[in-house]
Amino acid sequence: MRGVSETMMGIAWDTWRAESEGPTGIARRQQTRLAELVEFARSASPYYRRLYRDVPDVISDPRQLPRVGKRELMENFDDWVTDPHLTLAKLRSELLSDLSRLGSYYRGKYLVVTTSGTTGEPAVLVHDRFSWVVVNLVVRVRERRTLVRAVDVRAFLRRGLRAAALVAGGAHFAGVVLTESARRRAPIIARRVRVFSVLRPLADLVQELNDFQPTLLYGYPSAMLQLAAEQQAGRLRIRPVVAISSGENLSAVGRATIAAALGCRVTERYLSSEVPALTSQCRNGAFHVNTDWYILEPVDADYRPVPAGVTSHTVLVTNLANRVQPIIRYDLGDRVTVAASPCLCGSPFPAVTIEGRAGDLVSFGAPDGRTVTVVPLALGSVIEGTAGVRRFQAIRTGPQTLRLRLEVSAGADRARVQKTVEERLGSFFAAQGAGPVTIDHAEEPPRTDRGGKFRQVWSA
Ligand SMILES: [Zn+2]
């Protein structure tokens, strides 16, 4: 258990202090927390105990430790976690297969989310309560001037706070788990915060949003772009105060389109299920790494450190706040560039640019000749939500064709997985009013593009 001093107030105070103490104070916190995490992982995680056999007793630099990858960790899940009561099989049967338990704490202690991430490898991530306390406090302290401003708060007081989460439902993904977890806290929150799953037909979403009249939108920018078009067409009539984009990259054009059509301020959060409060956006729009609670190491294809100003091949991250499932030098798969010069905002935390997944919409033909646009993440969740799918890529090759590259799990029947994916996509396209769309199963497995980037859904 964590010490008494590290209570909510203690963490909030420490988060303030770290910022004012500057780089030396931040580095000291990082080093102490890393040493404690490594010691804990060695004693409570059989996986790390084996992995760190030859690692020195005292750790002062993350580079003294071997890196870890999603695939090995998932294959050793029961040894990876530090609570012997947790097993992947039990998590799947008792929680993940049950949508009525979305957002509930597993065994009263853990929030569990599933993800595919940008490398397309599905993962199951477990956070303890301490990890979420840190996330909430870091966001509140470091994004106090950017995420929601005083002027927005006054608008919420006047018009009421009603938040619509534009995320993918149908599985325990981070966006929906966090929203449902907030709703479980109190009925007053449950009435004011709702998930509008982007997997559902657009016409239904538009009607429900017109009834709900959200003042705050958060979630995928591609879904917001869809709503912007509906608002311009006069079918959607909402007046949000703020739209918080996360889960996908937001382009400058996308931001301007959403702001103009919905008449609201558009802000951005980088959210990763493994390291939820990795960065905070400052007044100048830069993302600063919260290096007192997370470590970010940009590396090249051979895992050598990459200097500031150079785009990395991938990035190794460490979550210093989560003990139940230690994430230490974990290959996240994202390409990042650390800023070469200090940010004008004066923050002591390094600024970074992260290339997340692209939020470009893909469009398909409808029987009546119209075009139906779908959110790439919605399409992706239908495919990766199919039992037996390990990794995939979906390429729109024409208005009525989708090429699929599938990698199936060990022991899965490929033909059966392909058939199930086809059926699920068929119902998805029908619900969206698109189709029929022919699924063309590719011979080749999923692969990275020439730049070394792994994309999941795009238009050829
Ligand atoms: Zn800044």
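Where a number appears in this text, it was derived from the coordinates with a stated rule and is not lab data. What you are looking at is a predicted structure, and each value in this text was computed from that prediction instead of being measured. With ideal geometry, Cβ positions are generated from the backbone for all residues, glycine too; neighbour counts draw on all protein chains shown.
If you filter the range 250-340 for trypsin sites (Lys or Arg not before Pro), then keep DSSP loop positions with at most 15 other Cβ within 10 Å, what is left?
Arg283
Sketch the reach of a paramagnetic label on Ser459 as a point 7 Å from Cα along Cα-to-Cβ, and name the residues of the range 248-268 whose backbone nitrogen lies under 19 Å away.
Only 248-258 fall inside the zone, counting backbone N under 19 Å.
If you count, for each residue, the other Cβ atoms within 10 Å and average over each peptide, how do 51-57, 274-280, 241-247 line up from highest to lowest?
274-280, 241-247, 51-57
Working out 0.36 nm times the residue gap between Arg159 and Glu355, then minus their Cα-Cα distance, what length gain in nm do you get to one decimal?
Stretched fully, the Arg159-Glu355 segment lengthens by 67.0 nm.
How would the range 234-319 be classified by its alpha-carbon gyration tensor: rounded, prolate or oblate, with rounded meaning a/c under 1.5 and the a/b versus b/c comparison settling the rest?
prolate
Under 18 Å from the Cα of Lys90, which aspartates and glutamates turn up, not counting those fewer than eight places away in the same chain?
Cross-link targets: Glu75, Asp78, Asp79, Asp98, Asp128.
Can you list residues whose amide H is under 5 Å from Val266's amide H, if they're 5+ apart or on another chain and H is modeled 1.01 Å from N?
Ala243
Given points 7 Å out from each Cα along the Cα-Cβ axis, report the Thr373 to Glu94 separation in nanometres with one decimal.
Modelled inter-label distance: 4.4 nm.
So in the chain, what percent of DSSP beta bridges are antiparallel if you round to the nearest 5?
60 percent
Suppose the chain between Glu208 and Gln64 were pulled fully straight at 0.36 nm per residue; how much longer would it get relative to their current alpha carbon spacing?
Length difference between fully extended and current span is 46.6 nm.
Students often check this: by mean Cβ neighbours within 10 Å, which of 303-310, 32-39 ranks highest, and how do the rest follow?
32-39, 303-310
Using the 10 angstrom Cβ neighbour count as an exposure proxy, how do Cys345, Cys264 rank, fewest first?
By the 10 Å Cβ count, ascending, the order reads Cys345, Cys264.
So how much slack lies between Glu444 and Glu422, counting 0.36 nm per residue of separation and subtracting their Cα-Cα distance, in nm?
6.2 nm
Per residue, how big is the convex hull around the C-alpha atoms of the chain? Give it to me in cubic angstrom, could you?
Normalising the Cα hull of the chain by residue number yields 151 Å³.
What residues from the range 397-412 fall in the zone where the backbone N is under 12 Å from a label point 7 Å along the Cα-to-C-beta line of Ala430?
Inside the label zone: nothing.
Leu278's amide H: which non-local residues (gap 5+, or another chain) put their own amide H closer than 5 Å, with H modeled 1.01 Å from N in plane and none for Pro or chain starts?
Counting only residues 5 or more places away or on other chains, the set is Ser272.
Report the calculated FRET efficiency for Trp13 and Arg49 (r = Cβ-Cβ distance, R0 = 56 Å), to the nearest 0.05.
For R0 = 56 Å, the calculated efficiency reads 0.95.
Based on the Cβ-Cβ distance of Gln400 and Thr24, what FRET efficiency does E = 1/(1 + (r/R0)^6) give at R0 = 51 Å, to the nearest 0.05?
0.25
How would the range 362-459 be classified by its alpha-carbon gyration tensor: rounded, prolate or oblate, with rounded meaning a/c under 1.5 and the a/b versus b/c comparison settling the rest?
Since a/c reaches 1.5 but b/c is at least a/b, the shape of the range 362-459 is classed as oblate.
So what is log10(I(q)/I(0)) for the range 359-417 at q = 0.19, 0.24 1/Å, when the Debye sum runs over its Cα atoms only?
So the normalised log intensities are -0.74, -0.99.
How would you classify the range 148-268 from its alpha-carbon gyration tensor, with a ≥ b ≥ c the square roots of the eigenvalues: rounded for a/c under 1.5, else prolate if a/b is greater than b/c, otherwise oblate?
rounded
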